[in-house]
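Student: First the structure, which I've put down as structure tokens, then a few questions once you've had a look.
The values are calculated or read from the model by the stated rules, or taken from the named source; none is laboratory data. Values in this document were obtained by computation on a predicted structure and should not be read as measured data. Here Cβ is always computed from backbone atoms with ideal geometry, including for glycine, and neighbour counts include all displayed protein chains.
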Amino acid sequence: MLRGSTRPEALVLLTLFPPKAAPGERRGGNTYYLATTGQILHREPSLIAVITSDLGCRPGYSLGLIVNEPRPVPDDWGTLPEHFAPYRRGRDGQPLTREQQLADQEQRCQAFITGQPGAKGPRQWGASNEHISPCRWLFAECDSEGMSLDDQLALAVRVFGAEPAFTISTTNKSLHCYFGLREPISTERFTVLQKLVIAAYRHLEPECSIDSSLAKPAQVMRLAGGLHPKTGQLANIHTCSGSRFDADALEVRLRGLLPPSPPSAPPAPAALFSRPRRSFGRHRPRTLQDVVDHLATLPRRVGGQGTYVGGGSIYGDRNVLWGLVKACEEAGYSIDTAIALMEAHSPSTTCGWDVAQVACSGGDHASAAWFWGAGR
């Protein structure tokens with residue numbers, strides 16, 4: 001599902017990861033297996049054999065994968081010292097200085113290039129955030145004690161507004177929820193959206209346990225079909241809907257779930273005189289977060305009053321919505337973002353109007369001031 005059978009050449013980094021270390025103990029390292037989707041779907045014997053052998057040698061380890069797809073391996077990977085992970089300590093256990101680390105990387109690189117016996121290769125390609133290609137999936141995990149799988153699924157729907165594309169039951173206590181995107185996004189935006197997901201979970205369910213590391217593009221997640229060492233059962237696909245999400249609309253929804261950002265503290269008096277004077281009428285460009293925060297101050301539309309009154313403004317609900325469209329456009333977003341915002345604020349189903357129809361019914365002459373002036 002994560003890559004699709006239509007892309008057999010797509011890379012997948014399978015990962016054997018260790019259990020959590022006991023207090024005071026060092027956690028073991030990961031073992032990686034870079035393969036293609038075709039190799040996995042066709043159950044390539046050599047791949048299965050090496051993973052099975054490694055699992056047998058590492059009791060307590062689990063099979064997972066890095067969810068996001070790595071970019072193609074560069075042809076020159078392993079030919080530069082920076083391709084090799086820096087060691088913090090030498091063989092004698094003493095800390096290495098930065099100069100010593102660089103020298104060690106250079107030495108290991110040359111040993112690998114020249115094929116010296118026992119030379120170790122470079123860092124695993126695909127295991128670092130900078131190796132990840134544009135991301136197609138978001139994911140979440142919430143494993144609060146005593147929270148059933150159904151309750152975890154319901155919370156995911158509250159956060160995302162629809163069922164996940166699929167979910168995986170780890171058979172221990174948690175449900176992993178995956179949300180496919182209609183178009184891939186950059187790793188930077190992936191991190192932004194994942195942090196919004198984490199914040200939304202914590203806001204809606206403060207007692208839930210959600211790992212902040214889920215914002216990493218190179219995050220490892222448990223693989224369906226892998227054995228959970230605690231339960232002795234296979235992780236399995238729990239639900240499957242195949243749903244897909246628009247990243248822009250989802251970001252609007254997630255921001256709308258969060259409380260408005262607190263106003264920034266006024267500058268100290270001395271700072272007022274140390275800054276250059278600004279000409280009248282010039283302001284910083286308003287962002288989407290500014291739009292979300294202002295919309296949160298407006299009263300919800302009351303059905304049965306038409307679209308020309310209410311909304312906390314002399315302009316009425318229709319013109320406030322048209323102004324919202326302009327405000328979103330000025331912030332770099334489309335009319336779809338404005339519709340999604342207003343649907344979250346005053347839904348069509350409960351507030352007696354059709355948000356999309358009203359938004360598209362006119363407003364060419366509208367101004368963003370119709371929105372910013374509402375409620376003031």
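Student: With the requirement that a residue be at pLDDT 90 or above and outside any loop (DSSP other than H, G, I, E, B), what does region 203-233 give you?
Tutor: His203, Leu204, Ala215, Val220, Met221, Arg222
Student: Return yes when Ala338 is on the phi < 0 side of the Ramachandran plot, assigned to a loop (DSSP other than H, G, I, E, B), aliphatic (A, V, I, L, M) and crowded, with 19+ Cβ neighbours inside 10 Å and no when it is not.
Tutor: When the stated conditions are applied, Ala338 does not pass them.
Student: Here's a follow-up. For Gly78, which of the numbered conditions (1) surrounded by 14 or more Cβ atoms within 10 Å (Cβ to Cβ); (2) in a helix (DSSP H, G or I) fails to hold?
Tutor: (2)
Student: Any idea which of (1) on the phi > 0 side of the Ramachandran plot; (2) without any contact (Cβ under 8 Å) to a residue 40 or more places away in the chain; (3) touching a strand residue (DSSP E or B) at 6+ places or on another chain (Cβ under 8 Å) is the one Gly126 doesn't satisfy?
Tutor: Checking Gly126 against (1) on the phi > 0 side of the Ramachandran plot; (2) without any contact (Cβ under 8 Å) to a residue 40 or more places away in the chain; (3) touching a strand residue (DSSP E or B) at 6+ places or on another chain (Cβ under 8 Å), the one that fails is (2).
Student: With the condition kept exactly as written, say whether any residue in region 163-184 is crowded, with 21+ Cβ neighbours inside 10 Å, within 29 Å of Gln289 (Cα to Cα) and of a type in the set (Val, Ile, Thr).
Tutor: no
Student: Here is a further query. Residues Ala22, Ala49: which one is over 26 Å from Asn129 (Cβ atoms), more than 24 Å from the chain's Cα centre (by Cα), at pLDDT below 95 and aliphatic (A, V, I, L, M)?
Tutor: Working: Ala49 fails: at pLDDT below 95.
None of the other options fit; the residue is Ala22.
Student: Report yes if Glu145 is at pLDDT below 95 and not in a helix (DSSP H, G or I), otherwise no.
Tutor: Numbers: at pLDDT below 95: yes; not in a helix (DSSP H, G or I): yes.
It is true that Glu145 is at pLDDT below 95 and not in a helix (DSSP H, G or I).
Student: Being more than 27 Å from Gly180 (Cα to Cα) and of a type in the set (D, E, K, R) is the filter here, so list the residues in region 45-71 that pass it.
Tutor: Once the filter is applied, which keeps residues that are more than 27 Å from Gly180 (Cα to Cα) and of a type in the set (D, E, K, R), region 45-71 yields Asp54, Arg58.
Student: So, one more: Show the residue pairs meeting these rules: Cβ distance below 7 Å; 6+ apart or different chains; first residue within region 220-231 and loosely packed, with under 15 Cβ neighbours inside 10 Å; second residue polar (S, T, N, Q) and at pLDDT below 90.
Tutor: Lys230/Asn172; Thr231/Thr171; Thr231/Asn172
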